[in-house]
1. Express the relative contact order of the chain as a whole percentage, based on alpha carbon pairs under 8 Å and six or more residues apart in sequence.
2. Is the chain best put as rounded, prolate or oblate by its Cα gyration tensor, with a ≥ b ≥ c the root eigenvalues, rounded for a/c under 1.5, and otherwise prolate when a/b is larger than b/c, oblate when not?
3. Can you tell me the dipole magnitude for the range 122-235 around its Cα centre, using point charges on the Cβ only (Lys, Arg +1; Asp, Glu -1), in Debye to the nearest 20?
4. On a C-alpha basis, how far is the centre of the range 196-235 from the centre of the range 89-156 in Å? Whole number, if you could?
5. For a quick check: with amide H placed at 1.01 Å from N, whose amide H comes under 5 Å from residue 188's, ignoring anything fewer than 5 positions away on the same chain?
6. Pop out the carbon and sulfur fraction of the accessible area of the chain as a percent, whole number, probe 1.4 Å.
7. In percent, how large is the relative contact order of the range 25-103, given Cα pairs closer than 8 Å and 6 or more residues apart?
8. In debye, nearest 20: dipole of the chain around its Cα centre with unit charges on the Cβ of K, R (+) and D, E (-)?
Amino acid sequence: MPDRRPFSHILFDLDHTLAYYPLPTAGVIAETFLRLDIPLTSLGAPDEVATLYDNLWVELERGIRTADELRLAVWRRLLASRGLLANGVAERIAAEYGATRRAHDVRLFDGVRELLAELRRAGYGLGLLTNGLSDAQWDKIHSTRIEPFFDAILVAGDAGLYKPDPLAFAALLERLGASRDRALFVGDSYEMDILGAEAAGIACAWIRPAGTPIPGPVVPDYQFANVLDVREVAL
Ligand SMILES: [Mg+2]
């Protein structure tokens, strides 16, 4: 009997789609500063510092090879922007931040493991496409033990192809042996996941934060409250 389901392959983003950090950046900074006895507001309002940290992490990523190097580059830039870059300070903070981050490791959202297993049992090919540095992303993939669920995994830092570049999506489809018109991409980032999938000609489902308007002209094919809603489309 021919398969009448709309999709043969389901492709996922990782961060904030399948997995999350239980302690967000602001919390890691607060704990780091507490351990180093640095006053919390010495760099400014904690939420603003956390946003700046996250933005610098993405901005400085290209051309850097490891998460440790990137963390140090981010702290150097952050401290310099506040006129506080002194000898060894960025190194101390970056090392402590890394230890704190690792102590509150990444986790899968509830039900993700069961969802991936169900999709496999239902015969879907599964792919993972994640932006980020090779070591940082593979650490997450290994510590959440999700690698066996996927037929192909593409980490942007390995391939030199970052979402929303449609070539990143095309490269994953090729590894899966999948056709773009029978694939669905599921992700939380409108800019990276939805605009990228659209440009690659792949149907997309946006995990849309409650109350957030669609921020651009592309209307996602599906809008989910969380990744478990894939069931409504696929199972
Ligand atoms: Mg994401």
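1. Numbers: 344 pairs, mean separation 55.6, N = 235.
Value for the chain: 24 percent.
2. On the way: a/c = 2.11, a/b = 2.08, b/c = 1.01.
Prolate is the answer for the chain, as a/c is 1.5 or above and a/b outweighs b/c.
3. Details: 8 positive and 15 negative charges, 34 e Å.
Dipole about the Cα centre, nearest 20: 160 debye.
4. Each part's Cα centre sits 21 Å from the other's.
5. 207
6. 52 percent
7. On the way: 60 pairs, mean separation 28.4, N = 79.
Computed over the range 25-103, the figure is 36 percent.
8. 240 debye
The values are calculated or read from the model by the stated rules, or taken from the named source; none is laboratory data. On a predicted model such as this, the values are computed, not experimentally measured, just so you know. Here Cβ is always computed from backbone atoms with ideal geometry, including for glycine, and neighbour counts include all displayed protein chains. Side chains included, ligands, DNA and RNA excluded: accessible areas come from the protein's heavy atoms. Shrake-Rupley method; radii C 1.70, N 1.55, O 1.52, S 1.80 Å.
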